[in-house]
Each structure stands twice: as structure tokens, then as C-alpha cells.
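J.: To start, I am sharing the structure in question, which I have written as C-alpha cells.
The values are calculated or read from the model by the stated rules, or taken from the named source; none is laboratory data. Small disclaimer: the values here were computed from a predicted structure and weren't measured. Don't worry about glycine lacking a Cβ; one is built from the backbone with ideal geometry, like all the others, and counts go over all protein chains shown. Ligands, DNA and RNA are excluded from the accessible area calculation, which covers all protein heavy atoms including side chains. Shrake-Rupley method; radii C 1.70, N 1.55, O 1.52, S 1.80 Å.
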Amino acid sequence: MKQETSKKTKSNKKYLKSASDMAELCGCSESYVKKLRLGLVETKTDKAKLVMAVDEYLYDGTTALLKEVERILQPHNKSSK
């Protein structure tokens, strides 16, 4: 029997929050978040837009926070050498 290779079962992208955490934050089911991340449900619904926006804000916010911490620590690292 030949295995179907066109169907993906795992998302390639790494997320900061688990599907269960996102479901709790957004008020939807864990399975819905997983299906949305895999691209198995429609992304034009309000609930899908909310989940995707929260994922994006968490990623952008964490990236900005890390850059700010790096900026703050940079002068300290140069003066300690």
C-alpha cells in the first residue's frame, strides 16, 4: 500500500504558545487551533483571524522584547570587557 505524501500532519512553524493555551486565550477548542495551524480550516472567520492575530502578536512582542533587552545589555557588555 502506497502512503499518501501530500498530506501534512505537522506544522513546520514553531509557536510560542501551545494549542491548548491558545484555545484558552481565544475561547475556542484546542482541536480548532491545531487544525487552523495545519491549514485544515477556513482562515477568513472571525475566530480564525483572532487566533492568527494572537499568534502573530505574541511572536512580534517577544521578538521586540528580546531586541530591547539586547539593546539595554549591549553597553553593559562593552564596558565590562
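J.: Quick one: in the range 22-32, which of the residues that are out of contact with any Asp or Glu (no Cβ under 9 Å at 6 or more places or on another chain) and not in a loop (DSSP other than H, G, I, E, B) is most open to solvent (accessible area, probe 1.4 Å)? Reasoning before the result, please.
T.: Keep residues of the range 22-32 that are out of contact with any Asp or Glu (no Cβ under 9 Å at 6 or more places or on another chain), which gives 25-29, 31-32.
Remaining after also requiring not in a loop (DSSP other than H, G, I, E, B): 25-26, 31-32.
Values: L25: 110, C26: 11, S31: 63, Y32: 50 Å².
Going through the qualifying residues, I end up with L25.
J.: Considering only the range 39-50, state which residues are assigned to a helix (DSSP H, G or I) and open to solvent by less than 60 Å² (accessible area, probe 1.4 Å). So that I can check it myself, show each step before the final result.
T.: Step one: list which residues in the range 39-50 are assigned to a helix (DSSP H, G or I), which gives 46-50.
Across the range 39-50, the qualifying residue is only A48.
J.: Checking the condition modelled with pLDDT under 85, under 12 Å from the mean Cα position of the chain (by Cα) and either open to solvent by 100 Å² or more (accessible area, probe 1.4 Å) or under 24 Å from A64 (Cβ atoms) (or both), which residue from K14, K10 passes?
T.: Numbers: K10 fails: under 12 Å from the mean Cα position of the chain (by Cα).
One residue alone meets the criteria, K14.
J.: Confirm whether S79 is open to solvent by less than 100 Å² (accessible area, probe 1.4 Å) and at pLDDT below 90.
T.: Values: open to solvent by less than 100 Å² (accessible area, probe 1.4 Å): yes; at pLDDT below 90: yes.
Spelling it out, S79 is indeed open to solvent by less than 100 Å² (accessible area, probe 1.4 Å) and at pLDDT below 90.
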